[in-house]
Every structure is written in C-alpha cells, then in structure tokens.
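Q: Have a look at this one.
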Amino acid sequence: MASIDIRNVRKNFGIVSVLHGVDLSIKNGEFVVLVGPSGCGKSTLLRMIAGLEEVTEGEIRIDGKRVNERAPKDRDIAMVFQSYALYPHMNVAENMSYGLRIRKAAREKITAAVSNAARKLELQPLLARRPKALSGGQRQRVAMGRAIVRQPKAFLFDEPLSNLDARLREQMRAEIKKLHRDLGATSIYVTHDQIEAMTLADRIVAMHEGVVQQVGSPLELYDRPANLFVAGFIGSPAMNFLSARYEVSGETAGARLPDGTLIALSSAYQLEEGAAVTLGIRPEHVEMSPASEGSLRATVDLIEPTGFGIILHLGLHGLPFNVFTLDRAALTAGPTVTVAFPPQHLHLFDETGKRALESSLQKGKG
Amino acid sequence: MVDWKDGQLERKRQLKVFDATAGFPESRRQSLVDRITRHAEPYLYTAPALILIVTIMLAPLVLGLSYAFRDVHLLNPFSGGYVGLDHFRTLYDDDNFYRALRNTLWWTGASVFLQFVFGLILALLLDRPFAGRAVAQALVFLPWAVPTFLTGLNWAWLFNPVIGPLPHWLYALGLMSEPANILSNPQFAMWGPIIANVWWGIPFFAITLLAALQAIPRDLYEAAAIDGAGAIRRFTSITLPFLAPTIAITVLLRTVWISNFADLIIVMTSGGPADRTQIVASYIFTQAFRALDFGYASAIALVLLVLLLAYSMLIVMLRQVLMDRA
C-alpha cells in the first residue's frame, strides 16, 4: 500500500494538450474515483500513473519516490482494464499467477496467493477454465484476482464495469467496495458513471477537459458543487439551471428570474447587486406546492414513473425543468403544476460558472 | 377452465402450423412425379455448384491420376494402354526420384524457414509505428508482385559473374576463392534458387503475420507490462501464442506451394548441375515436358500428392489443437 502524489502533471499528444496541470495527493489506503465525461483526461491520468503513458511535464510519486522514468513493472501497481485484458491462452489460475511467475515467486507462495484470491472472489471452481469459457462477470472477477494476488502498492481500475449489464454492474460495484474494505489498498478508479463514483469513492476527483474541477467526498460534491460542470455532472436526474439576477433588498437576498419572480435565497452572496447568476436546484429538492409567493407555474411535458419515484419533465417558460418526487399523486398531475424552491437547497453560480461564495455579512435569512 | 381450453386450442393451432411447414401432404393422393421432385429438390438446388466443382476440379484430377496407370508418351500415337502399377515399380527403383525427394526436403525446408524468419522480423518491425510506415508496407509487398519467371531470370543474372555483382562481392568478402557462378557449383547450386525464393516469398509471411500481429489487443501487452513482463517475455507469452494458428496455416500453405514450385529451379538451373537442384516438382516437369513421358510424370505427381496430403493433415490437426488452446 502506498500514497500517490501527482504534481502539476501535464500531458500532450503532439500539439494536443489533454491534461493541463493536475495536482492530486492520494493517501495510503484511500479509494479515489476519477470521474468525468469521455475525453476529460481521466484515463490518460490513470495510464500515466500506471506507466503506460509518458508524463509530458510534472511529477508522479508513489510512496514518495519519483516514478516518471520507471517502467510499469517497476512501479508495483496492478491495473484492471475495461476489456479485462485476460490472457486467452492461459486458464484462470495461470492468468492470476502470471505476475508472480514472472517475478519467480516460490511455487507454494503462488499457490497460496492464487487460492486465497480465488476464495475471496469465489473463483475456486473456475480455476482450470480459460477466459472464453467464462461469463462477463466471471472474467471481471478474474481480472480483479490477477490484480490482488500480487499484493501491489496500489490498484488502478480503468472503467472496469463498463462492459457489464446493469444488474451485474451493481453487484460488482458492491464487491469492489467490499474488497477495498477488506484489503484496504490504495485504489484509483476511473469511471464516467457518477453513480459508481458516488457509491465507491472516499474522495471523488471530477475532471473536465483536462482540468480537475473539484476534489472532495461524494456528499461534498453533491451538496456543494464547486461549479456548473460538477453541479450538472453529479446527480441523476441532473440539476436544473435557471438564469437570474442577484438582488439584495434590505434584509433579504434573492434571485430575480427573467419573468420577474423573485426567488428567496438563504443567505447573501459576495456578488454585485444585479449580477448575472445561474440558479441551480436538484430535481429531488423542488417542491410541488399550491401557488404562493416565489412559486412558479410550469407545464407538464412528460411523466416518467421509475417505480421508486416519479420524474416529471416540465417546461418552465419554455425551458426544460425536471422534478423528482416520491409522491404518487404526481402521476396524475394536470397540464400545469406549481413548483417552489426551498432556499436551503438552492445553488448559486456566478457569471463564470463558479459557485458563488456566501457573504460573510449575514444580511439576510431565507 | 376457459384458459385451459384456450391453451388446448392454441396448441392445436400451433401443431397445424408445424404440419404445414414440414411439408407433409394432408391427402395421400400425390403423383409419383410429385414425390420424386420433392426428394430431388435439395439436390437440384445444389446441382449448379456440384457440377461446377466436378467439371472444374474433379474431372481433370481424375484424368491426371489415370495417366499414372497408363503408358502415355506424347509423341507415340500407339501409347495410352493400361500398364497397372508398372510406373510405380520403376519409381521404386528410380535413384533420381529419391535424390529429387531429398532435394525437395532441403529446398522446401530452407525456403520456408528463411521466408518465415525474415517475414516475422519484417512484420514485427512494421508493427511499430514510424514515419513512412504506409510506404514501407507497400514496398515490402513488391517482390510478391514480381512474376516468378522474372524473379528467376533476375537472380540468375545476379549470380552470373559476367553481368551480376554478387560473385564479385562474395569474392571481395573472401567467401569465394574466385568470382564464380554458384549456380554451376554442384555443392552450392541449390542456394541460388533458395535465395531467389526467399526474396520472393518474404512478403507473404510479412503481410499475413503483420495482419495477425495487429489483431492482438494492445491491452494484453499493457496488462503483461504491468504484471512485470519484459519485451522478450511479452513476445513469448503473448505474441507467439496469438500468432501460432496463423504461423501454422501459413507454414502449411507455403510448404505445399514451395514443394510444388518448380518455376525458379527450371528458370535458374533446370535441375542442374548434375541433377543437384532437381526437386520432385521439377523432375515431374522434366519427365513430362522434356522426356514427354506423361504416364511416368503422373505417377511421380501422385506420390507427391499423397505425401503432401499426409503432411497437410498433420498440420491441420496441429492447428486445430492450437486454436482450441487459444
């Protein structure tokens, strides 16, 4: 197990720059998830840590030692690939023991490590099979087994669940979490699936266009997204955004929508009076209420029952707006509904898309 | 109760549909012609393909094989009679045939081995990205496009000390005591056609092996690199197992082709000097078109065919084993 430090790491492919200076330090035993849309540079970063891509600029340290120039095999890490990358001509036991055999470990040690890993992953009955005789989930397990037999300093996961169907993905997600709890190994996990990120991570690193957008615990990212990108990326269905102008009048701060409605805010912000802002609210936080001050009328475009709850696709002044509710009465919602925004659940972003800072002067109370 | 009845009805309906598609007539009153056509139907559908295969492939083969049991001399109008196994008895005692067989082994073995080794090296070089790779790949394919007849002439001239540079270079390197033509040296003459053949045949291996190399998922190399495998280990534990089926099938094909491949030898040495470069294929050619003894030539060809068939079966079985493992 080890700590991993990434200092101002950049990556260029020719003249195309894909990582613009990433800083990240991962503690011993931590489970860090790199999340972002495809092309954000998360996989490239992971491959650089593994040693499969050269570092253009900056430094990667494992356990305090610079590894930029080290070959993958000398970094003592293990990686689980999206395609599993199992050796098709070797059986399960041979696949798992390959790394140990190369390192010329003692035969008893290899057998012990393989049977230990096989027991943890319930692979014992499959040890003599070749990968082509395994199901997707089983292959995934073998790939994990291959990683854990070597007891490396760190585990790297490159979208390991993307090739599985939804049910299996949920199941394997839980198994990975359990495995991490049992082994306590430093892990870096790349995914584009924000649910995987939320459920697995000790800390999430949200990336976009080669830049780290926010680093924090899953709930930090959910409760206090640092910018519009994170706000829109984390959470499903995605957060709603409305453009507005920031207003302070006496004791209260508010956001004035283009139609003139004033939405009350829970605190004042470090913003100019009249500044253009984006108001964000998650679908699950919107209240459907009888008309009152600060409530809005919206037309109902579509009703999607998920079983657990209901997603309402609304039109708010012609713009799409989603509401998630557990109230089954919403199934029979009429052509229009009234929605209200509880101030404590509102997110305010400034003109540049950054989360607006609450003002130290607590001028107002929502 | 109603459901159950519905179910029964549904079953009955399905059975009826099944009957109809099976094509069994509901009434037994059907003419003989109808029944014959019904049975002949699948054969009629396959007939065009079968007729083509029989006329184009089987008929000439059977005719050729029949020569082996007949006395066929091209210039003797009274020949053509059945002679039984006479040709094979002659063949059994024909020292020239045994020498040609040994030469065939040597010629085929050396050619295939060298073509394969150089082809593999070339494929591995072309598999790495470098500037101008597309052009290099196209150039590598070039010798394959040269007609074999021209290849033979070209190399014969290169080995000729009067017009070719090779003997002079070999002499300068101290490999020859005088710039002589190796094609007229009984000890080394076979190397002439072998070298020409290697030059001509490398592209086949290079291109097919390159295609196989490029089909190997890159992930596997990365996984192996992380597992701790160095370049040599990656080659032996990933590249070779993946290439094995392709290697088996290309080596099989080339072996059969090259052992049948007399063009270069006919053009470069005509089997000489003193039959030192005579292989079975060129011996067949000599018997058929120089001695004009088609009967005897067919008998030799039949023996060669049987040997190659046995060899092919062996390799096909080996390939099956490799494919099952992969």
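Q: Could you tell me which of the residues B:VAL316, B:VAL267 is away from chain A (no Cβ under 14 Å), among the hydrophobic types (A, V, I, L, M, F, W, C) and surrounded by 14 or more Cβ atoms within 10 Å (Cβ to Cβ)?
A: On the way: B:VAL316 fails: surrounded by 14 or more Cβ atoms within 10 Å (Cβ to Cβ).
Within the list B:VAL316, B:VAL267, the selection yields B:VAL267.
Q: Oh, and also: Search segment B:119-136 for residues being surrounded by 10 or more Cβ atoms within 10 Å (Cβ to Cβ) and without any contact (Cβ under 8 Å) to a residue 40 or more places away in the chain, and hand back the single one that is nearest to B:ILE247 (Cα to Cα). I'd like the intermediate steps shown before the answer.
A: Narrowing segment B:119-136 to residues surrounded by 10 or more Cβ atoms within 10 Å (Cβ to Cβ): B:119-127, B:133, B:136.
Imposing the further condition that a residue be without any contact (Cβ under 8 Å) to a residue 40 or more places away in the chain reduces the set to B:121, B:125, B:133, B:136.
Details: B:ILE121: 13, B:LEU125: 17, B:ARG133: 23, B:ALA136: 22 Å.
In this case the residue turns out to be B:ILE121.
Q: If a residue has to be under 17 Å from B:LEU305 (Cβ atoms), of a type in the set (Phe, Trp, Tyr) and either in a helix (DSSP H, G or I) or within 14 Å of chain A (Cβ to nearest Cβ) (or both) to count, how many in segment B:237-264 make the cut? Spell out the reasoning first.
A: Taking segment B:237-264 as the starting set, the residues that turn out to be under 17 Å from B:LEU305 (Cβ atoms) are B:252-253, B:255-262.
With of a type in the set (Phe, Trp, Tyr) added as a condition, the list becomes B:257, B:261.
The next check asks that each one be either in a helix (DSSP H, G or I) or within 14 Å of chain A (Cβ to nearest Cβ) (or both); those that pass are B:257.
Here the count works out to 1.
Q: Please find, among B:PHE78, B:PHE159, B:PHE97, the residue that is among the aromatic types (Phe, Trp, Tyr) and closer than 26 Å to B:TYR311 by Cα. Show your work before the answer.
A: Values: B:PHE78 fails: closer than 26 Å to B:TYR311 by Cα; B:PHE159 fails: closer than 26 Å to B:TYR311 by Cα.
Selected residue: B:PHE97, the only one of B:PHE78, B:PHE159, B:PHE97 that is among the aromatic types (Phe, Trp, Tyr) and closer than 26 Å to B:TYR311 by Cα.
Q: Is it the case that B:LEU65 is hydrophobic (A, V, I, L, M, F, W, C) and either more than 21 Å from B:LEU292 (Cβ to Cβ) or in contact with a Phe, Trp or Tyr (Cβ under 7 Å, 6 or more places away or on another chain) (or both)? Before the answer, list the steps.
A: Values: hydrophobic (A, V, I, L, M, F, W, C): yes; either more than 21 Å from B:LEU292 (Cβ to Cβ) or in contact with a Phe, Trp or Tyr (Cβ under 7 Å, 6 or more places away or on another chain) (or both): no.
Judged against the criteria, B:LEU65 is not a match.
Q: I've got another one for you. Looking at A:SER43, A:SER38, A:SER25 in this structure, which one is farther than 27 Å from A:LEU183 by Cα and of a type in the set (Ser, Thr, Tyr)? So that I can check it myself, show each step before the final result.
A: Details: A:SER43 fails: farther than 27 Å from A:LEU183 by Cα; A:SER25 fails: farther than 27 Å from A:LEU183 by Cα.
Step by step, each of A:SER43, A:SER38, A:SER25 is checked, and only A:SER38 is farther than 27 Å from A:LEU183 by Cα and of a type in the set (Ser, Thr, Tyr).
Q: Would you be able to say whether some residue in segment A:281-296 is acidic (Asp, Glu) and in a loop (DSSP other than H, G, I, E, B)? Break it down into steps so the answer makes sense when it comes.
A: Here is the first cut: in segment A:281-296, the residues acidic (Asp, Glu) are A:284, A:287, A:293.
Pick out the ones that are also in a loop (DSSP other than H, G, I, E, B) and you get A:293.
Yes, the conditions are met somewhere in segment A:281-296.
Q: I'm trying to understand the selection: among the residues of segment B:137-158, which are within 20 Å of the chain's Cα centre (by Cα), part of a helix (DSSP H, G or I) and without any contact (Cβ under 8 Å) to a residue 40 or more places away in the chain?
A: Within segment B:137-158, just B:ALA145 meets the criteria.
Q: Continuing with this model, one more query. Which residues, taken from segment A:48-90, are of a type in the set (Ser, Thr, Tyr) and in contact with a helix residue (DSSP H, G or I) (Cβ under 6 Å, 6 or more places away or on another chain)?
A: Here is the first cut: in segment A:48-90, the residues of a type in the set (Ser, Thr, Tyr) are A:56, A:83-84, A:87.
Listed by number, the residues that qualify are A:SER83, A:TYR84, A:TYR87.
Q: Quick check on this structure: which one of B:LEU50, B:LEU44, B:LEU105 is more than 20 Å from B:ASN260 (Cα to Cα) and surrounded by 11 or more Cβ atoms within 10 Å (Cβ to Cβ)?
A: The match here is B:LEU50.
Q: Check whether at least one residue in segment A:270-278 is more than 24 Å from A:GLY250 (Cβ to Cβ), touching a residue at least 40 places away in the same chain (Cβ under 8 Å), touching a Lys or Arg at 6+ places or on another chain (Cβ under 9 Å) and of a type in the set (Gly, Ala, Ser), and report yes or no.
A: Taking every residue of segment A:270-278 in turn, none turns out to be more than 24 Å from A:GLY250 (Cβ to Cβ), touching a residue at least 40 places away in the same chain (Cβ under 8 Å), touching a Lys or Arg at 6+ places or on another chain (Cβ under 9 Å) and of a type in the set (Gly, Ala, Ser).
Q: To continue, here is another question. Just wondering, is there one or more residues in segment A:110-126 that are away from every other protein chain (no Cβ under 14 Å) and on the phi > 0 side of the Ramachandran plot?
A: Checked against the condition, which is being away from every other protein chain (no Cβ under 14 Å) and on the phi > 0 side of the Ramachandran plot, segment A:110-126 yields at least one hit.
Q: Report, by residue number, each residue of segment B:159-192 that is of a type in the set (A, V, I, L, M), outside any loop (DSSP other than H, G, I, E, B) and more than 28 Å from the chain's Cα centre (by Cα). Even if it seems obvious, please write down each step before you answer.
A: Pass one, segment B:159-192, residues of a type in the set (A, V, I, L, M): B:162-163, B:166, B:170, B:172-173, B:175-176, B:180, B:182-183, B:189-190.
Now drop any that are not outside any loop (DSSP other than H, G, I, E, B), which leaves B:166, B:170, B:172, B:182-183.
Within segment B:159-192, B:LEU166, B:LEU170, B:ALA172, B:ILE182 qualify.
Q: For A:VAL230, indicate whether it is part of a strand (DSSP E or B), at pLDDT 90 or above and surrounded by 22 or more Cβ atoms within 10 Å (Cβ to Cβ).
A: On the way: part of a strand (DSSP E or B): no; at pLDDT 90 or above: yes; surrounded by 22 or more Cβ atoms within 10 Å (Cβ to Cβ): yes.
Answer is no for this residue.
Q: Please tell me if B:ARG290 is under 30 Å from B:GLY80 (Cα atoms) and at pLDDT below 85.
A: Values: under 30 Å from B:GLY80 (Cα atoms): yes; at pLDDT below 85: yes.
Yes; evaluated as a whole, the condition is true for this residue.
Q: Which residues, counting only those in segment B:207-235, are within 27 Å of the chain's Cα centre (by Cα) and within 11 Å of another protein chain (Cβ to nearest Cβ)?
A: B:ILE216
Q: Out of segment A:54-102, which residues are within 25 Å of A:ASN12 (Cα to Cα), under 29 Å from the mean Cα position of the chain (by Cα) and more than 14 Å from every other protein chain (Cβ to nearest Cβ)?
A: Matches in segment A:54-102: A:VAL55, A:THR56, A:GLU57, A:GLY58, A:GLU59, A:ILE60, A:ARG61, A:GLY64, A:LYS65, A:ARG66, A:ASN68.
Q: Tell me, yes or no, whether segment A:324-344 has at least one residue that is free of Cβ contacts under 8 Å to residues at least 24 places away in the same chain, closer than 29 Å to A:LEU219 by Cβ and under 31 Å from the mean Cα position of the chain (by Cα). Can you show your working first?
A: To start, the set of residues in segment A:324-344 that are free of Cβ contacts under 8 Å to residues at least 24 places away in the same chain comprises A:326, A:328-329, A:332.
Within this subset, residues satisfying the condition of being closer than 29 Å to A:LEU219 by Cβ are A:326, A:328.
Going one step further and asking which of them are under 31 Å from the mean Cα position of the chain (by Cα), we end up with A:326, A:328.
Yes, there is a match, as at least one residue in segment A:324-344 is free of Cβ contacts under 8 Å to residues at least 24 places away in the same chain, closer than 29 Å to A:LEU219 by Cβ and under 31 Å from the mean Cα position of the chain (by Cα).
Q: Might you let me know whether segment B:156-173 holds any residue that is surrounded by fewer than 20 Cβ atoms within 10 Å (Cβ to Cβ), more than 14 Å from every other protein chain (Cβ to nearest Cβ) and closer than 18 Å to B:ASP263 by Cα?
A: At the first step, the residues of segment B:156-173 found to be surrounded by fewer than 20 Cβ atoms within 10 Å (Cβ to Cβ) are B:157-158, B:160-166, B:168-173.
Subset that is more than 14 Å from every other protein chain (Cβ to nearest Cβ): B:157-158, B:160-166, B:168-173.
Checking which are closer than 18 Å to B:ASP263 by Cα leaves us with B:157-158.
Checked against the condition, which is being surrounded by fewer than 20 Cβ atoms within 10 Å (Cβ to Cβ), more than 14 Å from every other protein chain (Cβ to nearest Cβ) and closer than 18 Å to B:ASP263 by Cα, segment B:156-173 yields at least one hit.
Q: Report, by residue number, each residue of segment A:17-47 that is among the small types (Gly, Ala, Ser) and touching a helix residue (DSSP H, G or I) at 6+ places or on another chain (Cβ under 7 Å). Quick ask: steps written out before the conclusion?
A: Initially, segment A:17-47 is screened for residues among the small types (Gly, Ala, Ser), giving A:17, A:21, A:25, A:29, A:36, A:38-39, A:41, A:43.
Result: A:GLY36, single match.
Q: I'd like to check something: does segment A:177-192 contain any residue that is among the hydrophobic types (A, V, I, L, M, F, W, C) and within 13 Å of chain B (Cβ to nearest Cβ)? So that I can check it myself, show each step before the final result.
A: Start the filter on segment A:177-192 by keeping residues that are among the hydrophobic types (A, V, I, L, M, F, W, C), which leaves A:179, A:183, A:185, A:188, A:190.
Okay, now just the ones that are also within 13 Å of chain B (Cβ to nearest Cβ), so none.
So far as segment A:177-192 goes, no, none of its residues is among the hydrophobic types (A, V, I, L, M, F, W, C) and within 13 Å of chain B (Cβ to nearest Cβ).
The values are calculated or read from the model by the stated rules, or taken from the named source; none is laboratory data. Small disclaimer: the values here were computed from a predicted structure and weren't measured. In this analysis, Cβ positions are derived from the backbone assuming ideal geometry, glycine residues included, and neighbour counts consider all displayed protein chains.
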